[in-house]
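Novice: Take this structure first; my questions come after.
The values are calculated or read from the model by the stated rules, or taken from the named source; none is laboratory data. In this text, all values refer to a predicted model and were calculated from it rather than measured experimentally. Here the Cβ positions follow ideal geometry from the backbone for every residue, glycine too, while neighbour counts run over all protein chains shown. For the accessible areas, the whole protein counts, side chains as well, though only heavy atoms, and no ligand, DNA or RNA atoms are used. Shrake-Rupley method; radii C 1.70, N 1.55, O 1.52, S 1.80 Å.
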Amino acid sequence: MSPALTINPMTTAYLFDLDGTLTSVELLPLIAREIGLEESMGELTRATMAGEIAFPESFSRRVAMLSHVPTKAVAEIVRSAPVHRQLLDWVLVHKEQCWVVTSNLDVWIEPWLQKHGLKGSSSPSRMTNGVISIDEILYKQDVLAHFDGFRTVMVGDGANDAEIIHEVDIGVANELVHPAPEVVLEVADYLARTEESLCRLLARL
């Protein structure tokens, strides 16, 4: 990804988490529900969002649960996931300044990005004998290296968003789906609990 080649430096770049921020559900539990693994996946996701389990360990375990599910099937579940319509509409109006930053696998979320015409960063995957696995987990704060010279705003809701929210110019914790963990609230500049208030805030930033 080369954002500096897309828009002029010194422009504000709005970065958005995907699960529970642009979508109105957490995606891995949604996928798990569709394939009958809802209970085990849901508990792992809850503990991860609360910061009780380290994200790399949790994410690797959750991907392993889904490793034998055809990637096209997972991608279609993600593509059809319900969204926060008002927030997504704001993003689409400002799409040249907006990027999705998610640790979900590239092959799972690319159709969603294409559907909405959005740019994004994700964890690269690899396929071995029909089994999907993580090539490298995306640590969201690492994408900031691509935004040198930009004023950066990050909106997220999980413990794995804390580091990038801390490092951007303006960090926004959202509670559109669930309470933000303390580790995020400690570093965020703003907290938004509704789509309407979040869109108003983004319009002022």
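Novice: For SER67 and GLU182 in one chain, what is 0.36 nm times their gap in residues minus the Cα-Cα distance, to one decimal in nm?
Specialist: Extra length from SER67 to GLU182 when fully extended: 38.3 nm.
Novice: Over the chain, what is the mean sequence separation of C-alpha contacts under 8 Å (at least six apart), divided by residue count, expressed as relative contact order in percent?
Specialist: Rounded, it is 26 percent for the chain.
Novice: Determine the sum of side-chain charges near VAL107: Lys and Arg each +1, Asp and Glu each -1, restricted to other residues whose C-beta is under 14 angstrom from that of VAL107.
Specialist: -2
Novice: Over region 72-200, with the other protein chains present, what is the accessible area per residue in square angstrom, probe 1.4 angstrom?
Specialist: That works out to 45 Å² per residue.
Novice: Something else now. Got the relative contact order for region 35-120 handy, in percent, Cα pairs under 8 Å and 6 or more residues apart?
Specialist: 27 percent
Novice: With a 1.4 Å probe and every protein chain left in place, tell me how much accessible area ARG193 has, in Å² to the nearest 10.
Specialist: Accessible area of ARG193: about 150 Å².
Novice: By how many degrees, 0 to 90 and rounded to 10, does the Cα axis of helix 106-116 deviate from the longest principal axis of the chain?
Specialist: 50 degrees
Novice: Out of all DSSP beta bridges in region 113-205, what portion is antiparallel? Express it as a percent rounded to 5.
Specialist: Among the beta bridges of region 113-205, antiparallel pairing accounts for roughly 35 percent.
Novice: Report, to the nearest 10°, how far helix 38-49 tilts away from the longest principal axis of the Cα atoms in the chain, using its own Cα long axis and a range of 0 to 90°.
Specialist: Result, in degrees: 30.
Novice: Dividing the alpha-carbon Rg of region 36-133 by 2.2 N^0.38 Å yields what?
Specialist: That ratio works out to 1.16.
Novice: For Cα pairs less than 8 Å apart in space and 6+ apart in sequence, what is the mean separation divided by the residue count of region 117-205, i.e. the relative contact order in percent?
Specialist: 19 percent
Novice: Okay, next question. Could you give the length gained on full extension between ALA145 and ARG126, defined as 0.36 nm per residue of separation minus the Cα-Cα distance, in nm?
Specialist: Length gained, ALA145 through ARG126: 4.4 nm.
Novice: Can you pull the one-decimal nm distance between simple spin-label points at GLU196 and HIS94, each 7 Å off the Cα toward Cβ?
Specialist: 1.9 nm
Novice: Using the Cα atoms of region 154-195, I'd like the radius of gyration and the largest Cα-Cα distance, Dmax, both in angstrom.
Specialist: Cα only, region 154-195: 8.7, 24 Å (Rg, Dmax).
Novice: Which GluC sites (Glu not before Pro) in region 116-205 pass both tests, a DSSP loop state and at most 10 other beta-carbon atoms within 10 Å?
Specialist: Taking region 116-205 and a limit of 10 other Cβ atoms within 10 Å, the loop GluC sites (Glu not before Pro) found are GLU136.
Novice: Further, regarding this structure: Counting only protein heavy atoms and using a 1.4 Å probe, what share of the accessible area of region 1-113 belongs to carbon plus sulfur, as a whole percent?
Specialist: 55 percent
Novice: Taking N as the number of residues in the chain, what value does Rg over Cα atoms divided by 2.2 N^0.38 Å take?
Specialist: With N residues counted in the chain, Rg over 2.2 N^0.38 Å equals 0.96.
Novice: Using label points projected 7 Å from each Cα along Cα→Cβ, tell me how many nm separate ASP189 and SER133, to one decimal.
Specialist: Distance between the two pseudo-spin positions: 4.1 nm.
Novice: Roughly how big is region 96-184's charge dipole about its Cα centre, with Cβ charges of +1 (Lys, Arg) and -1 (Asp, Glu), in debye to the nearest 20?
Specialist: 320 debye
Novice: Quote the charge dipole size of the chain about the Cα centre in Debye, to the nearest 20; the model charges only the Cβ of Lys and Arg (+1) and of Asp and Glu (-1).
Specialist: 640 debye
Novice: Suppose only helical runs count, i.e. DSSP H with n ≥ 4. What mean residue ellipticity at 222 nm does that imply for the chain under -39500 (n - 2.57) per run, divided by all residues and rounded to the nearest 500 deg cm²/dmol?
Specialist: After summing the helix terms and dividing by residue count, I get -11000 deg cm²/dmol.
Novice: I've got another one for you. Taking Cα atoms, how many degrees apart are the long axis of helix 55-65 and the longest axis of the chain, rounded to 10 and kept between 0 and 90?
Specialist: The angle comes out near 40 degrees.
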